[in-house]
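The values are calculated or read from the model by the stated rules, or taken from the named source; none is laboratory data. Every value quoted in this text rests on a predicted model; they were computed, and no experiment measured them. FYI the Cβ positions are ideal-geometry reconstructions off the backbone, even for glycines, and counts take in every protein chain you see. SASA here: full protein model, heavy atoms, side chains in, ligands and nucleic acids out. Shrake-Rupley method; radii C 1.70, N 1.55, O 1.52, S 1.80 Å.
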Amino acid sequence: MTFIHEEASFWPFLILTIALGGWCAKVAGRKFAASWRPFYMLPVVILVLAFGIRFLHYGLYNATLFSLHYFLVDYAFALAFAIWGYFTKRSELMNGLYPWAFKRYCLVGWRETKF
């Protein structure tokens, strides 16, 4: 498991990266979708969030601050949560604002309705 986290326990990774970082990334993704911003801007903003998560690991648990490997792990998890939040909100918006044109068919998708 040290491939994913570098602390002695799995709990700091679970609390900081998954719970706190994932929640913040999902909220950021939902806000991006709610303001109709394009998807390509989301990974850039999540980069800043991943730096923050890495700094919390460094400050609270004395982890390595400038580690490309663990930064990419934090970034990947945060980006996954942000994409999930973005597309769930976009799906809600498309179904809520245009119910005559689009129908929700899964958690993160929509399709055109047939007349």
*Backbone HN-Hα couplings from phi across region 9-19 [Karplus 6.51/-1.76/1.60, Hz, Gly and Pro as x]*: 10, 7, 4, x, 5, 5, 6, 7, 7, 7, 6
_At 222 nm, what value in deg cm²/dmol follows for the chain if DSSP H runs of at least 4 each add -39500 (n - 2.57) and the sum is divided by all its residues, to the nearest 500?_
-19000 deg cm²/dmol
*Within the chain, how many Lys pairs sit with Cα atoms under 20 Å apart, leaving out pairs fewer than 8 places apart on the same chain?*
4
_Selection from P43, Y105, G29 lying farthest towards where the dipole of the chain points positive, charges on Cβ_ = Y105
*Accessible area in square angstrom per residue, the chain, 1.4 angstrom probe*: 63
*Nearest-0.05 FRET efficiency for Y98 and L47, computed from C-beta distance (R0 35 Å)*: 0.65
*Which whole-angstrom value gives the distance between the alpha carbon centres of region 40-55 and region 88-107?*
27
*Options (i) 59, 24, 18; (ii) 44, 33, 23; (iii) 36, 32, 23 - which one matches Cα extents along the principal axes in Å as calculated here*: (i)
*Of the heavy-atom accessible surface of the chain (probe 1.4 angstrom), what whole percent is carbon and sulfur?*
71
*Which cross-chain or sequence-distant (5 or more) residues have an amide H under 5 Å from the amide H of F102, H modelled 1.01 Å from N in plane?*
T113
*What does the charge dipole of the chain about its Cα centre add up to, to the nearest 20 debye, if the Cβ of each Lys and Arg holds +1 and the Cβ of each Asp and Glu holds -1?*
680
